[in-house]
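The values are calculated or read from the model by the stated rules, or taken from the named source; none is laboratory data. Being a predicted model, the structure only gives us computed values, none of them experimental. Here the Cβ positions follow ideal geometry from the backbone for every residue, glycine too, while neighbour counts run over all protein chains shown.
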Amino acid sequence: MSKGGRLATVLGLFLVAVGLVVWAVSSYLAPGVPGGTVDYTNTQPAGQPVNLTLETVGSIGYGAHPSWVSYLTKDPHTGKWVQETSWKLPANTVVHMTIYQYDSGSPLRNQEFGQVLGTIGGSATLNGKSFTAYNSNTGTGVGHTFAIPKLNLIVPLVGVGGANICGSAPCLKTFPHNTETFSFKTPGPGAYSWQCFVPCALGYLFGNGGAMSTQNYMGGILEVVQ
Ligand SMILES: [Cu+2]
């Protein structure tokens with residue numbers, strides 16, 4: 001091996017060692033903090049649509065804030081529900097979203113958030129039926145919204161009624177829930193935040209503190225890569 005090659009090898013090994021130390025120290029300092037990024041870049045052949053499945057719960061039931069509302073992601077590799085709300089997605093690719101909504105709802109403070117905007121076809125489905133807006137002053141109201149502000153995308157997630165609300169995550173399918181689907185296309189590479197805009201964090205100033213502004217609860221990042 002040339003001198004340059006040996007130097008590159010040593011430098012490479014050194015960088016790997018530094019990386020391992022940083023990783024070990026950061027995971028020691030932040031025990032039990034949920035989150036990482038769920039990788040969807042290798043779940044389907046290039047150019048094929050990505051399937052992304054979420055659920056929303058009224059209280060996560062564990063971790064640092066067991067009483068907080070939360071989203072969970074169904075890990076496409078293990079099939080397990082994880083409290084991770086950041087996703088690595090391929091650019092310019094259709095994403096088919098399915099969201100199981102297990103939380104109760106209420107009238108929206110801003111009725112504009114009852115519209116479906118920015119999805120393919122400008123609509124979503126609620127338990128199999130297409131809709132373009134939901135009047136939250138009727139029925140069981142809206143529990144959460146799924147919004148990607150940079151893409152002008154928002155979908156209201158209709159609340160469930162009754163007393164038998166799922167107590168902690170992940171929820172069994174036997175608990176009452178609404179199933180909503182919609183699709184959108186990822187843009188070019190970049191980081192795009194998403195969040196819930198109901199707002200659904202009563203007890204915080206303007207309803208936007210707590211879970212609403214915390215990663216892995218009511219918001220996350222779309223890490224779109226080429
Ligand atoms: Cu919410």
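Looking at (1) in a strand (DSSP E or B); (2) surrounded by fewer than 20 Cβ atoms within 10 Å (Cβ to Cβ), can you tell me which one TYR100 breaks?
If we test TYR100 against (1) in a strand (DSSP E or B); (2) surrounded by fewer than 20 Cβ atoms within 10 Å (Cβ to Cβ), just (2) comes out false.
Restricting to the stretch 103-121, name every residue that is in contact with a Pro (Cβ under 8 Å, 6 or more places away or on another chain), in a loop (DSSP other than H, G, I, E, B) and over 17 Å from MET212 (Cα atoms).
VAL116
May I ask you to list the residues in the stretch 122-147 that are assigned to a strand (DSSP E or B) and away from the ligand (no atom under 14 Å from the Cβ)?
If the condition is that a residue be assigned to a strand (DSSP E or B) and away from the ligand (no atom under 14 Å from the Cβ), then ALA124, THR125, LEU126, LYS129, SER130, PHE131, ALA133 are the ones that fit.
Which condition number in (1) in contact (Cβ under 8 Å) with a residue 24 or more places away in the chain; (2) more than 21 Å from LEU222 (Cβ to Cβ) is the one that ASN152 fails?
Only one criterion is unmet by ASN152, namely (2).
Yes or no, residue by residue, for (1) of a type outside the set (S, T, N, Q); (2) surrounded by 21 or more Cβ atoms within 10 Å (Cβ to Cβ):
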| position | (1), (2) |
| --- | --- |
| VAL142 | yes, yes |
| PHE146 | yes, yes |
| PRO149 | yes, no |
| ILE154 | yes, yes |
| ILE165 | yes, no |
| LEU172 | yes, no |
| PRO176 | yes, no |
| THR179 | no, no |
| PHE182 | yes, yes |
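Within the stretch 155-174, work out how many residues are out of contact with any Pro (no Cβ under 8 Å at 6 or more places or on another chain) and under 22 Å from TYR134 (Cα atoms).
Adding up the residues that qualify gives 5.
Between ASN164, ASN178, which is more than 15 Å from the ligand (Cβ to nearest atom), farther than 13 Å from VAL116 by Cα and assigned by TED's automatic domain parsing to the domain that holds THR41?
It is ASN164.
Based on this model, can you work out whether GLY209 counts as closer than 23 Å to GLU84 by Cβ, in the same structural domain as TYR100 (by TED's automatic domain parsing), free of Cβ contacts under 8 Å to residues at least 12 places away in the same chain and among the small types (Gly, Ala, Ser)?
So GLY209 passes the test.
Which of (1) among the hydroxyl-bearing types (Ser, Thr, Tyr); (2) in contact with a Gly (Cβ under 8 Å, 6 or more places away or on another chain); (3) not in a loop (DSSP other than H, G, I, E, B) does TYR192 not meet, given it meets every other one?
Here TYR192 clears every test but (2).
Quickly run through the stretch 50-89 and pick out the residues that are more than 16 Å from the ligand (Cβ to nearest atom), in a strand (DSSP E or B), without any contact (Cβ under 8 Å) to a residue 60 or more places away in the chain and not aliphatic (A, V, I, L, M).
ASN51, THR53, LYS74
Specify which of the listed residues (CYS171, CYS196) is within 30 Å of GLN226 (Cβ to Cβ) and within 16 Å of the ligand (Cβ to nearest atom).
None of the other options fit; the residue is CYS196.
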